[in-house]
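The values are calculated or read from the model by the stated rules, or taken from the named source; none is laboratory data. The shown structure was predicted, so the numbers you read here are calculated from the model rather than taken from an experiment. Here Cβ is always computed from backbone atoms with ideal geometry, including for glycine, and neighbour counts include all displayed protein chains.
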Amino acid sequence: MQFVTLITMLGFVFFLNFAVIRPRRLEQKRFESMLASIGEGSVVYAAGIRGTVLEVRRDSILMATGPRRELIEIDKSAVESVKGSAHL
């Protein structure tokens, strides 16, 4: 009886690891890699805002957006995607 309980618990731990924990870690690595790829001139999409990166700071990004190239500062955690070069 105890052996079956132990096997069931181990099976649950393996399932939890492959179904929840591992995919979350992979997604976190992908996000960190994307943030590391941000450089001056990159196009950043954040919460619906598109702009060209002017400066990358520790926790934020200074970017120019819109036809008048207004400057805005956004948190790195708000970035949704990054493209290599500016085409605005």
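Taking segment 63-80 as the search range and keeping residues that are in a strand (DSSP E or B) and charged (D, E, K, R), which one is nearest to F31 (Cα to Cα)?
Looking at the filtered set, the residue picked out is E80.
Is segment 2-23 home to any residue that is within 18 Å of G84 (Cα to Cα) and either under 23 Å from the mean Cα position of the chain (by Cα) or exposed (fewer than 14 other Cβ atoms within 10 Å of the Cβ) (or both)?
No: zero hits.
Just checking, how many residues over segment 24-62 are modelled with pLDDT of 90 or more, of a type in the set (D, E) and surrounded by 11 or more Cβ atoms within 10 Å (Cβ to Cβ)?
Final tally of qualifying residues: 1.
So how many residues does segment 1-60 have that are outside any helix (DSSP H, G or I) and either closer than 15 Å to A78 by Cα or of a type outside the set (D, E, K, R) (or both)?
23
Return a yes/no flag: does segment 68-84 have any residue that is of a type in the set (G, A, S) and surrounded by 12 or more Cβ atoms within 10 Å (Cβ to Cβ).
yes
Would you pick out the residues in segment 45-62 that are among the hydrophobic types (A, V, I, L, M, F, W, C) and either touching an Asp or Glu at 6+ places or on another chain (Cβ under 8 Å) or not assigned by TED's automatic domain parsing to the domain that holds G84 (or both)? Walk me through how you get there before you give the answer.
Initial filter on segment 45-62 (among the hydrophobic types (A, V, I, L, M, F, W, C)): 46-47, 49, 53-54, 56, 61-62.
Scanning segment 45-62 gives A46, A47, V53, L54, V56, I61, L62.
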